[in-house]
Amino acid sequence: MEGLAWEIELGTAMAEAIRDGVMGRAHRAGLAARGRVHGQPGFSRAVAQAFADQGPDQAFATASLVLVAEHREHGVIGTVIAFPPPNVTEQYMTHAERMNAAAPEVRKLMLVGIVGLVKVAVLAVAEAHQGSGLGAALLSRVKKIFFSHGYVFVYGQIRPDHAGLAAFYRRQGFEVREPDEGLDLWVVFGIPGGIQPDRGERFFVRTRPREG
């Protein structure tokens, strides 16, 4: 099984970001850049520009990614949606504010969250095409793009009623945590603490490979 569900409901903000060409814009900038700004430098510059010009919502959208697989006859047969989770960043910002951190430090945490952590929110393949390797290919592309742009973790959650997906994610190089086991994010935010999956769920986690 290579997907969670086929009928996908996009939120209004995400649908608008896709329609307006905002979704993934920073990744496209990083991939299109040449020379020393190719990859992570070009991506980070685009995120910072979006944050400065249009605020955090646009910065999160431009760092998010929606990829689809199309069939010549059947249309869209697979998709993956991955984005920096705003709720996690907000959690760390709230903690910093309670510790009386200066405003620039709080804003820095927001940018760190946008460019350091990404959640695979949806990975779906049409039933007729499950087992073809399409889900693995979409997930591989997500890992390649986000890791090349400097992300530390690519992660997601497995619901209790989809326990069979654990083997799939392990085959793609992810560590599958135990039910209710958390993920320490010190290496991302530089602050003690982490996140927990929803009750009974399991994280699947991949850390950026070391260079060389």
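For residue 185, the residues whose modelled amide H falls within less than 5 Å of its own, excluding neighbours fewer than 5 places apart on the same chain, are 193, 194, 195.
Computed on the Cα trace of the chain, the radius of gyration divided by the Kirkwood hydrodynamic radius gives Rg/Rh = 0.96. Across the chain, the longest piece that holds none of the GluC sites (Glu not before Pro) lying in DSSP loops with up to 12 other C-beta atoms within 10 Å covers 74-210.
A Förster distance of 45 Å, applied to the separation of the beta-carbon atoms of residue 167 and residue 103, puts the FRET efficiency at 0.45. Between residue 71 and 76, 77, the built amide H atoms are under 5 Å apart, and every one of these is 5 or more places off in sequence or on another chain.
Only sites in a loop by DSSP and with at most 14 other Cβ atoms within 10 Å count here; which trypsin sites (Lys or Arg not before Pro) in region 122-212 make the cut? Loop-located and lightly packed - 199, 210.
No value in this document is a laboratory result; all are computed from the given coordinates. On a predicted model such as this, the values are computed, not experimentally measured, just so you know. Note that each Cβ is placed from the backbone with ideal geometry, even for glycine, and that neighbours are counted across all protein chains shown.
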